[in-house]
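For reference, the structure is listed below as structure tokens.
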């Protein structure tokens, strides 16, 4: 099996050190990449007008290439209901509204009106999330607890230059594992309630095996996420979270100073997050494209860190998909390394088609886990992934059977039995 198309998947219809300056005289972008517009899902694959319009309008530099390309796409008579569903599913309605309003003509007024309503709704949501983020940070400050916002309105304001351009659904905070209990207590006083009830006796086990705690509030569900790790333990990505806190840089949200991951750390975080969800939303690639526009990333550090974590293939695949789908230019050295990696090229062909066709990978199926293993370039990481997946118990096991503390090691056997039963059911 050479690509994800060989895996079981379900077709759906759509309704995660500071940068240094480049050396004088160094050619950072290849000439070919600097001029490349957003193109295709995979070489030789014909795509719909709706999909091509979505990509053209989500480009990090739409003014440069989009007018002529947009006119060509509009001549293909897109199905506007389908286009609006795609925009909603991929989370780019606000970005599309601004970009298409600026560079496009010939769009139906009803389409622009729908995008405008979504844009305005996102403004209201972003203002609410900003207020809540500042409220949380202000309550943590007297306790000398540092948390790092890394997506949502922080990313929108500091990468896109406008809080309203990126659709934000919640507040994502990195927190040190040792501070999780205190932060949970603080946000509880702010009327945030954990969605998952973990018995106190299992708190330590959950901190070791899990990676996040999600909270509801009176304003809605899943509005806050605390993450003390980049992914669950079984994914076997040993990211340096202490280093992420040490390398954090200053940012701001509505004039309020906040820490945020360094650009180099952020690229790795965004790549791993997108890979976990099989790059299923263009929004995640838009984030990477906006980050690449900085042009001052410390690429040797990024590559070295990715290699150390065993996520070099994930990084390359994320960059290649961002280049192919959104026309984002890549550094010449990275571009050459990617083009020489046959496995990454094959994955990009298959996953690009899957994204365009709205294929969804069920995250509790063997096909998904198999893909996650195959995305790792080192056999040792694949083995660690499979071993941890098989023997690391979690909330499912804890709720399926309540064991007294002395018998907690038996949860591994419970985990193995539940997995075997799931796979036996197909």
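It is to be established whether one or more residues within region 382-393 are under 30 Å from residue 292 (Cβ atoms) and over 19 Å from the mean Cα position of the chain (by Cα).
yes
Which residues, taken from region 143-159, are outside any loop (DSSP other than H, G, I, E, B) and at positive phi?
The one that is outside any loop (DSSP other than H, G, I, E, B) and at positive phi: 152.
Go through the residues of region 172-191 one by one and say whether even a single one is part of a loop (DSSP other than H, G, I, E, B), farther than 25 Å from residue 272 by Cα and in contact with a helix residue (DSSP H, G or I) (Cβ under 8 Å, 6 or more places away or on another chain).
Yes, the conditions are met somewhere in region 172-191.
Give the number of residues within region 320-342 that are in contact with a strand residue (DSSP E or B) (Cβ under 9 Å, 6 or more places away or on another chain) and under 26 Å from residue 57 (Cβ atoms).
4
Being within 15 Å of residue 235 (Cα to Cα) and either modelled with pLDDT of 95 or more or buried (at least 18 other Cβ atoms within 10 Å of the Cβ) (or both) is the filter here, so list the residues in region 348-368 that pass it.
Result: 368, single match.
Look through region 168-200, keep the residues that are at pLDDT below 90 and closer than 25 Å to residue 115 by Cα, and return whichever of them is surrounded by the most Cβ atoms within 10 Å (Cβ to Cβ).
168
So which residues in region 343-395 are in contact with a strand residue (DSSP E or B) (Cβ under 7 Å, 6 or more places away or on another chain) and assigned to a loop (DSSP other than H, G, I, E, B), if there are any at all?
Residues satisfying the conditions are 358, 362.
The values are calculated or read from the model by the stated rules, or taken from the named source; none is laboratory data. Owing to the predicted nature of the structure, the values given are computational and were not obtained by experimental measurement. Don't worry about glycine lacking a Cβ; one is built from the backbone with ideal geometry, like all the others, and counts go over all protein chains shown.
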